[in-house]
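The values are calculated or read from the model by the stated rules, or taken from the named source; none is laboratory data. Keep in mind it's a predicted model, so treat the numbers as computed, not measured. Quick reminder, even Gly has a Cβ in these numbers, built from the backbone with ideal geometry, and neighbours come from all protein chains shown. Remember, those area values only see protein heavy atoms, side chains included, never the ligands or the DNA or RNA. Shrake-Rupley method; radii C 1.70, N 1.55, O 1.52, S 1.80 Å.
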Amino acid sequence: MKKRVGILTAGGDCPGLNATIRGAAKAMYQRMGNEVEIVGVRNGFAGLITGDYMEMDEPDFSNLLTRGGTILGTQRTPFKMMTVVEADGVDKVDRMVTNYKSMGLDALLCLGGNGTHKTAHLLSEQGLNIVGLPKTIDNDIWGTDVTFGFHTAVDIATEVIDRIHTTASSHHRVMVIELMGNKAGWLTLYSGIAGGADIILIPEMPYRIENVIEAIEKRNENGKSFSIIAVAEGCYDMDEAKMKRKEWMAKRVECGCVHISERLAGELETRTGFETRVVVPGHMQRGGTPSAYDRLLATEFGTYAAQLVENDQYGVTVALKNNLVVSNPLSEVAGKTKLVTEDCDLINVARRMGISLG
């Protein structure tokens, strides 16, 4: 019996999306031949809500392995708004279910991060045949050791830190490098250690400014005339940890320092006298061609998703556990975030190396 399979990419883009799409499509064509049709849903769940899709053929999936971004387009459609009927009067969930059926879909592959997986689970509960695929440069999806896109971002962030070392040492500066990671610090932790950062600050471990100053001054006393600080964008200090997020964000706006790197740099320069500069690589971390690791992982995940479709296994998301590709129920993944814990291996590595964690 012929199967008609939809594919969408939702949330932020990242390296490896196209490689995953390619892996899934090529494997479905290989395993099911003429008994499969593939439909590309444009711009994530927004396209599913409006019914914006395109028929795709086998040649459409060629030359995608090294291509960054997503050929399907993506758009952020917050999960918290999915069940809210806004001014346009659209019941988004009802529209998605209706359009899934009007497109004639037998299954839908949803490539995305935490928000995507929550919406995927919502659609699964509505009776749709859903398979999730975990992408994010934050590596914070529950139940998988790694997400595609993460290692490429680590490579890019590490290169940024590498390059900043030369100007930091030449000018005897403190360099604050703000990396992506709003709630999870995996990217900053990995690239901070790989890039030789002296101080690593992550959201899971609120810092004390006194500890950061102590680490810089200790380096200076030991003849090190510069310091590299890798800080995640979602980081906050111990005082802010006592407040609700909205409260400390409002306080930062009042002070004119919304970004953690700007606030941290200003405070360090004032209190230590060391010349301090800020570097924010921003969306560079999620752009461009995927690394060899992510191409391989994306292909593994995509082909496994094809196998799930062939075997009619739905309501799950693909995962990597102990170097094996497996699947987790969406019900166990949706709404959970994988955060850095104080006893994780890399935190212990950082401590053994004498890296300050603030």
Worksheet item: Do we find that ILE193 is out of contact with any Lys or Arg (no Cβ under 9 Å at 6 or more places or on another chain), surrounded by fewer than 21 Cβ atoms within 10 Å (Cβ to Cβ), closer than 29 Å to VAL325 by Cα and touching a residue at least 60 places away in the same chain (Cβ under 8 Å) in this structure?
Response: yes
Fill in: Which listed residue, of GLY112, GLY132, is touching a His at 6+ places or on another chain (Cβ under 9 Å) and either closer than 30 Å to PHE79 by Cα or without any contact (Cβ under 8 Å) to a residue 24 or more places away in the chain (or both)
GLY132
Practice prompt. Just give me the residues in region 254-313 being basic (Lys, Arg) and either without any contact (Cβ under 8 Å) to a residue 60 or more places away in the chain or under 29 Å from ASP145 (Cα atoms) (or both), in sequence order.
Written response: ARG263, ARG286, ARG295
Discussion item. Could you tell me how many of the residues in region 191-237 are under 28 Å from VAL253 (Cα atoms), of a type in the set (S, T, N, Q) and in a helix (DSSP H, G or I)?
Written reply: 1
Worksheet item: So SER102 fits all but one of (1) modelled with pLDDT of 95 or more; (2) open to solvent by less than 70 Å² (accessible area, probe 1.4 Å); what number is the exception?
Response: (2)
Worksheet entry | Residue satisfying all of: in region 288-323; out of contact with any helix residue (DSSP H, G or I) (no Cβ under 6 Å at 6 or more places or on another chain) and assigned to a helix (DSSP H, G or I); most open to solvent (accessible area, probe 1.4 Å) among these | LEU296
Practice prompt. Filter region 252-287 for residues that are of a type in the set (A, V, I, L, M) and exposed (fewer than 14 other Cβ atoms within 10 Å of the Cβ) and give the result.
Written response: VAL253, VAL258
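So, in region 203-251, how many residues would count as being among the hydroxyl-bearing types (Ser, Thr, Tyr), under 23 Å from MET180 (Cβ atoms) and open to solvent by 20 Å² or more (accessible area, probe 1.4 Å)?
1
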Item to complete: Name every residue in region 170-190 that is in a loop (DSSP other than H, G, I, E, B), touching a residue at least 60 places away in the same chain (Cβ under 8 Å) and within 19 Å of the chain's Cα centre (by Cα), in order of residue number.
Response: MET180, LYS183, ALA184, GLY185
Practice prompt. From GLY288, GLY273, GLY234, grab the single residue that is of a type in the set (Gly, Ala, Ser) and more than 24 Å from the chain's Cα centre (by Cα).
Written response: GLY273
